[in-house]
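Q: Let me begin by handing over the structure; questions about it come next.
The values are calculated or read from the model by the stated rules, or taken from the named source; none is laboratory data. It should be emphasised that the depicted structure is a prediction, and the values quoted were computed from it without experimental measurement. So basically every Cβ, Gly included, is an ideal-geometry build from the backbone, and we count neighbours across all protein chains shown. With ligands, DNA and RNA removed, areas are computed over all heavy atoms of the protein, side chains included. Shrake-Rupley method; radii C 1.70, N 1.55, O 1.52, S 1.80 Å.
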Amino acid sequence: MNPSARIHPYLLFATLTLGFGVVTTWLLHNNFVNDAAIVNWASLAAIFDAKTLRLENLGFAHPHGPMLILAPLHFIHGIGAAAPYIVSVMAVAFLMTLWNRHLRQGDYSAAQRALLVVLMAAHPALLWGATGGGREAISLLMFYLLYRSCLRMVYEKDMRSFIALGMVLAAFFYFDVISIFLFLALLPLLLVLVPSSMMREAPFSVYIMIGMPLLIALGSWIYFNWIFYGEPLAFINYYASGFAGARIEAETLPWLREFGGQFALPTLLGACYVLLGYPVLLFLMLRSYKEGRQLRISLVLMLHPALAIGFATWAYYLASPLQLSVLIAAGVMAELNRIRCHGRCMVPLVMLLGVGIFSSWLLVLHDDYSHLQPWTAALQHQQPAAHLGDKALGHWLAEHREPTLLDLHSAHQVVTARGDAVGLLLPFTPEYRLAMRSDRPAIPQIAVPNPDTPAGVRDAINVRFPQLYESGLSGYQRVYDEDGWRVYRRVH
């Protein structure tokens, strides 16, 4: 077949979107729920349904990128909480369509490209990113662009690749905090990646070009926390912060219980995860050697994620190596663009990709990463419906639309089930702040979860009024009491 034969990009994108969409529909039918997706969607609804649209309403406990991408879908009637899953499906479909274009530039035939796309689509990393509804979809795309920039830096020695690498890292920061650890792991590896002549003549210039955009992004975050909260590091110290990672759950997570605060051993185990999940990396190294190309990019592709796993575990951010190692699929895709495989060369490549798919599925199915367990279970069979109490309260509040004091951080499912946040008095509203400073708040309704539940322990209203759930407040009567939630209404 003619290598230049085209796989029409629009047809490929539509086919991938349909395929991933079918799997996502199956998961949602089996009661799969990604809590991170619900958090983003509920936060977005709260922002748009507030009386005034302000920057501080976004909050700074989580990167804003996912919500900014979801924002246009908020105005499309009928999508609702399915929006994060639609974004994930389309993001990975776009990534693989882009990859097909780059493979074509690398002289792969249409049949070879089609086979590679099918193999990568079956990999759990890509399937999880496309159907999970979380930030992994955009992170895979960012990781692919990151390694494309690294490849250009090594092979083309193009100064623009240094700038592109820095910009990708800065953009990555607004979608996934893991970018900080990827940057830290990249710092020592730049000595290997960057041409030696440039490192001898202007080493600081290299680090400035690559690191400055990310440092500016991080500095802006610190500045906004200082302006709005009076504490520059509030985004890290806040208990529900996405920047804190798994720190607050460290005692319940086997990975952090055993390796949290360490660097060397998690790095070594991270390298094992990478090689088990992607044995094709060894083949890529061999092909690079036979083609007379430098092995350093393939070595970096193995060492970089392992070092990042070590840094993230040392900082108590990582719940499991899989949280980061799944992104390496995008790095493998980027490296395949540079490998010339023709004829019999495709056989070991396809075989090793197949072995990697099998071993990756074994890792995913046997790892205790809490975010992946519900996903793998829902792939196999229907799961019991979750968050029934939150959904019941949301439906009740949809019918009883009095202004209601509610802590959004413990009630994302409630807001999602209600369908909007109109009339809700949430943490960024002046009414909420005034009520939390008063011993006798003058609020029409107050909703609180059972303080003995994980959500109730951290609910700010429960913390401020510890007797509210059991005893209520003077001047209020209980009007709702179901499935771990109680609502008190002010008596006029």
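Q: May I ask for log10 I(q)/I(0) of region 43-99 at q = 0.15, 0.16, 0.27 Å⁻¹, from a Debye sum over the Cα atoms as equal point scatterers with solvent left out?
A: Result of the Debye calculation: -0.51, -0.57, -1.15.
Q: Per residue, how much space in cubic angstrom lies within the convex hull of the C-alpha atoms of region 16-119?
A: 135
Q: Follow-up. How high is the FRET efficiency from residue 231 to residue 252, r the C-beta distance, R0 35 Å, rounded to 0.05?
A: 0.80
Q: Going by a ≥ b ≥ c, the root eigenvalues of the Cα gyration tensor, does region 367-492 fall in the rounded group (a/c under 1.5), the prolate group (a/b larger than b/c) or the oblate group?
A: Here region 367-492 falls in the prolate category.
Q: Out of region 119-197, which trypsin sites (Lys or Arg not before Pro) are coil in DSSP terms and have no more than 13 other C-beta atoms within 10 Å?
A: Filter output for region 119-197: 157.
Q: Compute the angle between helix 178-193 and the longest alpha-carbon principal axis of the chain, please, reported from 0 to 90 degrees and rounded to the nearest 10.
A: Long axis of 178-193 versus the principal axis of the chain: about 20 degrees.
Q: Right, here's the next one. Between residue 26 and residue 163, 0.36 nm times their residue separation minus their Cα-Cα distance comes to what?
A: 45.2 nm
Q: How far, in degrees from 0 to 90, does helix 136-155 lean away from the longest principal axis of the Cα atoms of the chain, to the nearest 10?
A: 30
Q: Determine Rg/Rh for region 390-437; Rg is computed over alpha-carbon atoms and Rh is the Kirkwood hydrodynamic estimate from the same atoms.
A: Radius of gyration relative to Kirkwood radius: 0.96.
Q: Accessible area per residue of region 327-405 at 1.4 Å probe, in Å²?
A: About 46 Å² of surface per residue is accessible.
Q: For the pair residue 398/residue 101, report the inter-label distance in nm, with labels modelled 7 Å from Cα in the Cβ direction.
A: So the two model labels end up 4.0 nm from each other.
Q: Continuing with the same structure: For region 425-431, just list the computed ³J(HN,Hα) in residue order, Karplus coefficients 6.51, -1.76 and 1.60, θ = phi - 60°, integers in Hz, with x standing in for Gly and Pro.
A: Ordered by residue, 3J(HN,Hα) equals 9, 9, x, 8, 8, x, 5 Hz.
Q: What is the sum of charges around residue 175, taking Lys and Arg as +1, Asp and Glu as -1, for the other residues whose C-beta is under 13 Å from the C-beta of residue 175?
A: Result for the neighbourhood of residue 175: -1.
Q: Right, another one. What Kirkwood Rh does region 114-191 have if only Cα atoms enter the pairwise 1/r average? Answer in Å.
A: Value: 13.7 Å, from the Cα pair sum.
Q: Among the trypsin sites (Lys or Arg not before Pro) in region 1-81, which ones are in a DSSP loop with at most 12 other Cβ atoms within 10 Å of the Cβ? Mind listing them?
A: For trypsin sites (Lys or Arg not before Pro) across region 1-81 that sit outside H, G, I, E and B with at most 12 neighbouring Cβ atoms in 10 Å, the list reads 51, 54.
Q: Round to a whole number: what % of the accessible area of the chain belongs to carbon and sulfur, probe 1.4 Å?
A: 64
Q: With bins 5 Å wide starting at 0, give me the P(r) of region 229-285 over every alpha carbon pair, in whole percents.
A: Bin by bin from 0 Å, the calculated values are 4, 16, 15, 16, 15, 12, 10, 6, 4, 1, 0.
Q: Gain in length, residue 355 to residue 377, computed as 0.36 nm per residue apart minus the alpha-carbon separation, to one decimal in nm?
A: 5.7 nm
Q: Could you please report the charge total around residue 50, scoring K, R as +1 and D, E as -1 over all other residues with beta-carbon less than 12 angstrom from its beta-carbon?
A: -2
Q: Shifting gears a bit: Based on the Cβ-Cβ distance from residue 440 to residue 204, what FRET efficiency comes out when R0 is 35 Å, to the nearest 0.05?
A: For residue 440 and residue 204, the calculated efficiency is 0.05.
Q: If one computes the Cα centroid of region 207-238 and of region 42-108, what distance in Å separates the two points?
A: Comparing the Cα centres of region 207-238 and region 42-108, I get a distance of 23 Å.
Q: Could you tell me, in Å, what Rg and Dmax come out for the Cα atoms of region 434-491?
A: 10.5, 30
Q: Measuring from label point to label point, each 7 Å out along Cα→Cβ, what is the residue 114 to residue 467 span in nm?
A: It is 7.3 nm.
Q: Please report how far the C-alpha centroid of region 302-375 lies from that of region 141-196, rounded to the nearest whole angstrom.
A: 18
Q: Now a separate question. May I ask you to work out the translational diffusion coefficient for region 48-205 at 25 °C, viscosity 0.890 mPa s, via Stokes-Einstein with Rh from the Kirkwood sum over Cα pairs, reported in whole µm²/s?
A: 136
Q: Hey, another quick one. Extending each Cα 7 Å along its Cβ direction at residue 276 and residue 212, get the distance between those two points in nm, one decimal.
A: According to this spin-label approximation, the distance is 4.3 nm.
Q: At each listed q (0.23, 0.27 Å⁻¹), what is the log10 of I(q)/I(0) that the Debye formula gives for region 121-160 modelled as equal alpha-carbon point scatterers?
A: The calculated log intensity ratios at q = 0.23, 0.27 Å⁻¹ are -0.70, -0.81.
Q: Tell me the mean residue ellipticity at 222 nm calculated for the chain from its helices only (DSSP H runs of n ≥ 4, each -39500 (n - 2.57), averaged over every residue, nearest 500).
A: -19500 deg cm²/dmol
Q: With the Cα gyration tensor of the chain in hand, give its eigenvalues times 5 under a square root as the equivalent ellipsoid semi-axes, listed largest first in whole angstrom.
A: Calculated on Cα positions only, the semi-axes equal 44, 25, 20 Å.
Q: Find which of 276, 181, 192 sits farthest along the positive direction of the dipole of region 130-282, computed with +1 on the beta-carbon of Lys and Arg, -1 on that of Asp and Glu, about the Cα centre.
A: It is 192.
Q: Let's test the formula: R0 of 45 Å, r as the Cβ-Cβ distance of residue 477 and residue 18. What FRET efficiency results, to the nearest 0.05?
A: Working from the Cβ atoms, E equals 0.30.
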